[in-house]
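The values are calculated or read from the model by the stated rules, or taken from the named source; none is laboratory data. Model, not experiment: these values are computed from the prediction. Positions of Cβ are backbone-derived with ideal geometry, glycine not excepted, and every protein chain shown enters the neighbour counts.
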Amino acid sequence: MSLIAFDPARRRWSLTTPRTSYVIGLTDDDVPACLHWGPRLTPEQAAALPGAVPFRASSFDESGVAEELLTEAGARYGAASLQIRFANGDTGVEWQHTGHEIEDGHLTILMRDRAHPVEVALHYRVRAGCDVVERWTEIRSEEPVTLLRCDSAAWNLPPLPGYRLSHASGGWAAENSVRRVELPVGETVLTSRRGITSHQANPWVMVDAGEAGEEHGEVWSAALAWSGSWRVTLGRTPSGRTGWTGGFGHEGVSWQGTAWSTPVFAGLYSDGGFGGASRTWHRYVNEHVRPAAGELRPLLYNSWEAVGFHVGEESQKRMAALAARVGAEVFVMDDAWFGGRTSDRAGLGDWWPNPERFPHGLTPLIEEVHRLGMKFGLWVEPEMVNPDSDLYREHPDWVVHMPGRPRTELRHQLLLDFSRPEVADWAHKWLHRLVSEHAIDFLKWDCNRTFTQAGPGDLLVGHVRAVYSILDRLRADHPHLRVEACSGGGGRTDLGIMARTDQVWTSDNTDAADRLSIQHGFTQIYPAGAMAAWVTDSPNPITGRRVPLAFRFHVAMAGVLGLGGDLPNWSERELDEAAELVAVYKDIRPVVQHGELHRLREAVQYTLGDRVVVLAFRRRGAFGAPGVPLRLSGLDPDARYRDEDTGAVHHGVLLTSRGLLPPFPSDDYASALIRLRKEQP
Ligand code: DGJ
């Protein structure tokens with residue numbers, strides 16, 4: 001069956017994925033409407049779907065049409081996806097259909113306004129083997145217009161007995177807390193007005209009828225590929241119609257111009273519960289979003305948590321030697337290697353090695369790191385400037401500000417306006433030179449403040465596009481370069497940044513106990529192979545919590561393991577134990593980074609080919625409390641699985657029905673790693 005089919009008699013398009021269908025139709029007066037988003041349909045079944053009901057104008061009821069992009073024309077009362085103010089002051093778009101294009105898995109439905117020379121293209125893309133539907137919108141106008149809102153897509157749900165919303169919220173060092181609430185009747189807005197994706201909310205939603213679990217039930221979800229301000233508005237009307245519209249920008253911003261293209265807002269219907277939805281998102285992100293997801297992410301060491309701003313050639317070399325001893329594969333020098341940067345008060349913008357700390361430049365350290373058998377990585381924060389810097393003294397006008405108002409300093413820094421081509425060009429040039437002139441294998445691109453005083457909207461979008469373009473050009477010019485996205489921890493975690501980076505720094509909070517929930521939230525949409533996680537010191541520098549080394553390792557092993565502890569202060573015994581656990585991680589790494597993830601109760605399971613890895617955790621033990629076996633998921637019931645460490649053999653059906661008692665060694669903060677291999681019949 002082809003991915004996209006057009007039924008000219010009924011004026012409807014069917015997108016078909018391995019397990020789902022998405023069907024769009026036009027009403028008699030050309031309003032594009034969602035006819036079906038759910039299980040896969042045959043052409044005959046798609047043809048049998050009721051057509052889009054005629055648009056019903058009413059003072060008291062809704063239009064009755066599940067619109068693909070809600071405008072504010074006529075008798076419409078929902079949150080508008082598309083708000084245009086034309087030169088003569090008219091508002092609203094009255095749809096007129098002008099045609100469509102189908103190319104491979106890409107459908108473009110062409111629309112225009114009936115009165116003004118504005119064309120709107122609704123884009124849909126599906127790919128063989130993947131259930132995710134990508135959608136975005138393009139606008140072309142013959143005359144300048146003001147765009148007050150231009151969402152990528154509106155998604156409509158079928159009638160359900162109830163509606164429950166799942167989303168992630170949080171804060172700095174507390175990202176990705178999953179919340180599940182009944183979707184209230186009315187409007188629910190999830191948004192970032194901070195110019196970055198944000199720690200407070202992440203641009204994805206999942207909605208179910210209130211009955212889905214990790215491994216069962218229907219879930220409708222969507223995720224936005226954008227790393228700046230964004231807004232998703234969910235609506236549930238008193239009469240039961242439910243859906244959401246989302247895209248870049250927040251309310252109150254506007255753009256002047258004649259042409260726009262929005263980011264992708266991808267959607268997924270899954271009948272495999274939240275876990276099934278997550279696994280499909282992971283596959284989509286790995287196969288169609290991340291640039292080099294087929295690689296295994298190496299194990300890096302970063303001394304930020306250990307030494308903060310106190311870096312120097314000799315001390316970093318000593319750290320590098322210990323990192324190599326424990327098994328690190330990349331050594332990353334974090335903040336404070338450049339300009340006058342000895343604290344967060346100065347130096348951002350002056351991107352040359354600090355002459356006192358690196359009297360012979362970076363090369364001696366890089367050579368030593370390479371001699372130790374590791375790759376070299378470097379921290380940068382290209383979008384920022386400290387007022388106390390040569391760059392700011394030379395270009396005080398380059399920062400985002402409002403004339404006549406005090407410039408908002410956050411962490412003593414100001415934001416460079418990358419929507420200005422000369423500023424973005426400056427950044428691209430020094431980054432390109434830095435990577436060209438040094439043997440740098442890896443960049444950690446940080447962004448430690450939010451946008452303030454950004455004005456109406458062009459800057460908010462232009463800046464993010466410029467960041468994307470610099471990253472894209474750097475990658476094209478330096479194909480070996482790998483990049484970590486960071487924004488004060490996980491403030492820039494989204495599909496947009498993942499399309500041009502290799503991993504995301506998940507959170508500045510490395511406390512293993514807190515990380516369990518942060519990582520749980522991360523993996524709702526994003527894959528473990530992009531989730532950077534370090535083992536650091538105990539007590540944890542942020543939370544003060546004491547957690548055993550094995551627990552810290554096991555939690556970080558659930559993603560891309562890295563090390564960030566103050567290694568010179570680790571005992572010989574700790575260094576040896578760390579080296580052993582690093583070796584174990586390297587063994588399970590393909591399964592964790594490339595396998596299928598099942599979230600179990602207080603455990604995560606990864607499956608790849610014949611291998612199964614389970615990382616199980618118990619935060620608090622209680623004397624005499626019976627151990628509760630862990631039921632594994634997605635195994636072959638008829639197969640036998642051998643425990644690679646103990647040699648014990650288990651039947652698949654028993655592992656999933658009775659479960660396995662994790663061999664927890666102690667009471668509080670106990671953890672266990674189980675490696676199973678499916679035996680050949
Ligand atoms: C915030 C990051 O999340 C940290 O890992 C570290 O790179 C600091 N910035 C450096 O200033």
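General remarks:
- Qualifying position, being more than 25 Å from residue 548 (Cα to Cα) and either free of Cβ contacts under 8 Å to residues at least 60 places away in the same chain or not basic (Lys, Arg) (or both), among 615, 635: 635
- Each residue in region 352-377 was checked for being outside any loop (DSSP other than H, G, I, E, B), surrounded by fewer than 17 Cβ atoms within 10 Å (Cβ to Cβ) and out of contact with any strand residue (DSSP E or B) (no Cβ under 8 Å at 6 or more places or on another chain), and 4 of them qualify.
- Residue count for region 275-292, restricted to those that are crowded, with 21+ Cβ neighbours inside 10 Å and either assigned to a loop (DSSP other than H, G, I, E, B) or at pLDDT below 95 (or both): 1
- Top-ranked residue in region 264-274 [being more than 15 Å from the chain's Cα centre (by Cα) and crowded, with 23+ Cβ neighbours inside 10 Å; ranked as nearest to residue 495 (Cα to Cα)]: 268
- Test: residue in region 336-349 that is away from the ligand (no atom under 16 Å from the Cβ), assigned to a loop (DSSP other than H, G, I, E, B) and modelled with pLDDT of 95 or more: no
- Apart from one condition, residue 601 fits all of (1) within 25 Å of the chain's Cα centre (by Cα); (2) of a type in the set (D, E, K, R); (3) crowded, with 17+ Cβ neighbours inside 10 Å; the exception is (3).
- Options 315, 261, 303; residue that is of a type in the set (Ser, Thr, Tyr), within 16 Å of the ligand (Cβ to nearest atom) and either surrounded by fewer than 17 Cβ atoms within 10 Å (Cβ to Cβ) or farther than 27 Å from residue 608 by Cβ (or both): 303
- Filter result for residue 423 (away from the ligand (no atom under 16 Å from the Cβ), farther than 28 Å from residue 375 by Cβ and part of a helix (DSSP H, G or I)): yes
- Filter result for residue 431 (closer than 27 Å to residue 199 by Cβ and within 16 Å of the ligand (Cβ to nearest atom)): no
- The combined condition, being more than 23 Å from the chain's Cα centre (by Cα) and either surrounded by fewer than 19 Cβ atoms within 10 Å (Cβ to Cβ) or within 20 Å of residue 493 (Cβ to Cβ) (or both), is not fulfilled by residue 253.
- Cβ separations smaller than 7 Å between residues 6+ apart or across chains give the following pairs from region 304-321 residues that are touching a residue at least 60 places away in the same chain (Cβ under 8 Å) to residues that are of a type outside the set (D, E, K, R) and within 11 Å of the ligand (Cβ to nearest atom): 304/564; 305/510; 305/536; 305/564; 306/564; 319/303.
Yes or no, residue by residue, for (1) acidic (Asp, Glu); (2) modelled with pLDDT of 95 or more; (3) surrounded by 19 or more Cβ atoms within 10 Å (Cβ to Cβ); (4) assigned to a helix (DSSP H, G or I):
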{"site": "574", "(1), (2), (3), (4)": "yes, yes, no, yes"}
{"site": "585", "(1), (2), (3), (4)": "no, yes, yes, yes"}
{"site": "593", "(1), (2), (3), (4)": "no, yes, yes, yes"}
{"site": "621", "(1), (2), (3), (4)": "no, no, no, no"}
{"site": "632", "(1), (2), (3), (4)": "no, yes, yes, no"}
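- Qualifying residue in region 91-101 (condition: under 33 Å from the mean Cα position of the chain (by Cα) and acidic (Asp, Glu)): yes
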